[in-house]
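Working notes, beginning with the structure itself.
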Amino acid sequence: LRGRILSYLSNTAGIVVRPGYCKTVALVGPTGVGKTTTVAKLAANFALREKFRVALVTADTYRIAAVEQLKTYADLIGIPIEVIYTPQELKSALYRHQDKQLVLIDTAGRSPANQPQMVELENLLSVDSSIEKHLVLSATTKFTECLDAVRRFKASNPQRYLFTKIDEACNLGTLLSLMHHDPKPLSYITTGQNVPDDIELADPERLTNLMLRGGI
């Protein structure tokens with residue numbers, strides 16, 4: 001059993017920042033999965049712990065509180081932040097931050113059932129084909145809903161999964177089932193609300209232990 005679980009979880013890959021190159025990463029996903037807190041955790045870790053030049057861009061203009069929350073984090077971390085509304089504004093923001101080593105984009109939560117919203121997200125991220133997209137999902141979500149979200153976000157071409165709320169899940173069946181039915185590299189997991197803590201690279205051994213023993 002342990003070997004079978006490990007085989008499903010072995011494909012992991014975090015954000016890799018290369019010298020002399022500007023990496024752009026966008027977090028996409030349904031509403032309420034914790035994208036804004038997660039992008040703040042990533043920014044804090046790469047800027048404060050890894051000492052990279054980082055910039056934040058937020059397209060989550062539907063929730064005023066989300067913009068203010070991310071601005072507060074950016075001020076505390078000491079990195080620039082831009083608020084964008086259109087694909088052209090995103091393109092301009094990315095151009096202005098070419099000197100950064102990592103640009104993190106926070107997108108608005110989307111209802112997978114709302115097709116116009118999904119098209120809007122796809123148009124936004126199509127301004128630069130090099131944007132690495134992580135589909136953020138909650139470990140507390142039912143597997144059928146999670147699979148539906150994966151299907152509907154497919155048009156945005158996410159390359160990786162990022163699972164939040166590992167600490168709130170009764171079990172990690174959703175994560176395991178998704179990696180079996182629609183495998184993609186797993187980048188990070190989050191285990192709480194603390195910034196910059198409570199985020200870690202997905203580790204197959206640790207996840208397997210959590211699944212077999214339970215508890216964080």
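The values are calculated or read from the model by the stated rules, or taken from the named source; none is laboratory data. The model shown is predicted, which means the values in this text are computed figures rather than measured ones. Note that each Cβ is placed from the backbone with ideal geometry, even for glycine, and that neighbours are counted across all protein chains shown. Just so you know, the surface numbers come from the protein's heavy atoms only, side chains and all, with ligands and any DNA or RNA stripped out. Shrake-Rupley method; radii C 1.70, N 1.55, O 1.52, S 1.80 Å.
Tabulated data
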| read-out | value |
| --- | --- |
| Candidate set: the range 77-89, residues that are outside any strand (DSSP E or B) and either modelled with pLDDT under 95 or touching a helix residue (DSSP H, G or I) at 6+ places or on another chain (Cβ under 6 Å) (or both); chosen: the one surrounded by the fewest Cβ atoms within 10 Å (Cβ to Cβ) | Tyr85 |
| Where Val127 falls short, out of the listed (1) of a type outside the set (S, T, N, Q); (2) open to solvent by less than 40 Å² (accessible area, probe 1.4 Å); (3) assigned to a loop (DSSP other than H, G, I, E, B) | (2) |
| Matching option when the condition is modelled with pLDDT under 95, open to solvent by 50 Å² or more (accessible area, probe 1.4 Å) and in a loop (DSSP other than H, G, I, E, B), among Asp197, Asp99 | Asp197 |
| Residue match in the range 145-155 (condition: within 30 Å of Pro19 (Cβ to Cβ), crowded, with 16+ Cβ neighbours inside 10 Å and modelled with pLDDT under 95) | no |
| Set Ser7, Ser92: member being within 20 Å of Asp203 (Cα to Cα), out of contact with any Lys or Arg (no Cβ under 7 Å at 6 or more places or on another chain) and assigned to a helix (DSSP H, G or I) | Ser7 |
| The lone exception for Cys22 - which of (1) open to solvent by 10 Å² or more (accessible area, probe 1.4 Å); (2) more than 25 Å from Ser129 (Cβ to Cβ) it fails | (2) |
| Subset of the range 159-194 [open to solvent by less than 70 Å² (accessible area, probe 1.4 Å) and polar (S, T, N, Q)] | Gln159, Thr164, Thr174, Ser177, Ser187, Thr190, Thr191 |
| Cβ pairs under 6 Å, 6+ apart, first in the range 66-86 and among the small types (Gly, Ala, Ser), second open to solvent by less than 50 Å² (accessible area, probe 1.4 Å) | Ala66/Thr36; Ala66/Asp60; Ala74/Leu56; Ala74/Ile81 |
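Condition check ((1) within 22 Å of Ala59 (Cα to Cα); (2) under 15 Å from the mean Cα position of the chain (by Cα)) across all residues:
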residue	(1), (2)
Pro87	yes, no
Leu104	yes, yes
Ser126	yes, no
Ala149	yes, yes
Ala155	yes, no
Leu186	no, yes
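Here is a yes/no grid of residues against (1) surrounded by fewer than 23 Cβ atoms within 10 Å (Cβ to Cβ); (2) assigned to a helix (DSSP H, G or I):
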site: Thr31; (1), (2): yes, no
site: Thr38; (1), (2): no, yes
site: Ala44; (1), (2): yes, yes
site: Val57; (1), (2): no, no
site: Glu68; (1), (2): yes, yes
